[in-house]
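First the structure, in the form of structure tokens, and then the observations on it.
The values are calculated or read from the model by the stated rules, or taken from the named source; none is laboratory data. For clarity, every value in this text was computed on a predicted model and none was experimentally measured. In this analysis, Cβ positions are derived from the backbone assuming ideal geometry, glycine residues included, and neighbour counts consider all displayed protein chains. Protein only, heavy atoms only, side chains kept; ligands, DNA and RNA dropped before computing areas. Shrake-Rupley method; radii C 1.70, N 1.55, O 1.52, S 1.80 Å.
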Amino acid sequence: MEITSTTLSNMFAQIAEAMAREKDRLCELDGVIGDADHGIAMELGFSAAAKAVQALDLASAEPTLVFNTAAKSFLNAVGASSGPLYATAFMRAGATVKGKPVLDDGDFAQAFIAMARGIQERGKAEIGEKTMIDAWLPAADACEAALSTGRTLSECLAAALTAAEVGAEATKAMLASKGRASRLGDRVLGHMDPGAASAVVVIAAMQKALA
Ligand code: ADP
Ligand code: MG
């Protein structure tokens, strides 16, 4: 499919809507193993990003500017640790599509993969440390595998979503070694990581917006 800056703007609006719906659940998850603000942070960040992107002249703004605008406004809006992580993700996506006036399926899939790698490089979390990385990395791997076998973007993102859901579910059995939850020892067992849960929300909204 042809993905324009307008498509991306609609995508950010859909993620923001999804976060507004999921805000309370994400705060509850963060209340168990963190400081109960994760839903607020994600809703604030994505509504700021969506608003800033909508304010661009989307007919002339290239996709790289859309991602960079989202990154800047997300970072400014969010004081929690998810702020710089998602800002880095969008910066990396922007760098990946630099110079392209419109994106094809492969371009967006590469931007998606770059988001996950950016989060990992910024936060230095590995798989199994009970963070959003446990959802994002398997999602990126699944997207890459689907892309390499010639799947459409919608199929790539559907595979990514399934992998993210499995990864988020798996965080219930993990101890935390990054972020606030790392101070709680085995009290975190049995509880899903809020950042992994919100990653599923982000990826689901992306999949829906680009289907
Ligand atoms: P804070 O912990 O500052 O309140 P949030 O509540 O917005 O920030 O986000 C918490 C989530 O951030 C955690 O559930 C975890 O998924 C994620 N997180 C924390 N530290 C890292 C890290 N170093 N790398 C990746 N994700 C992280
Ligand atoms: Mg928090």
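Odds and ends about this structure:
- Percent carbon-and-sulfur accessible area, the stretch 125-197, ignoring ligands, DNA and RNA, probe 1.4 Å: 54 percent
- Accessible area per residue in Å² at 1.4 Å probe, computed on the stretch 4-81: 44 Å²
- For the peptides 198-210, 130-142, the ranking by packing is 130-142, 198-210, with the highest mean count of neighbouring Cβ atoms within 10 Å listed first.
- Partner aspartates and glutamates for K130 [C-alpha distance under 19 Å; skip if fewer than 8 residues away on the same chain]: E28, D30, D35, D37, E121, D141, E165, E169, D186, D193
- Descending Cα extents along the principal axes, the stretch 1-101, whole Å: 44, 23, 22
- Principal axis extents of the Cα atoms in the chain, from largest to smallest and rounded to whole angstrom, are 50, 37, 27.
- Charge dipole (the stretch 97-211, unit charges on Cβ, about Cα centre) - positive-most of I113, A176, M206: A176
- Computed over the alpha carbons of the stretch 165-211, Rg followed by Dmax gives 12.6, 40 Å.
- Packing-based ranking, highest mean first, of 153-166, 183-196 given that Cβ atoms within 10 Å are counted: 153-166, 183-196
- Positive end of the dipole of the chain (Cβ unit charges, origin at the Cα centre): among S81, A163, P101, the Cα lying farthest that way belongs to S81.
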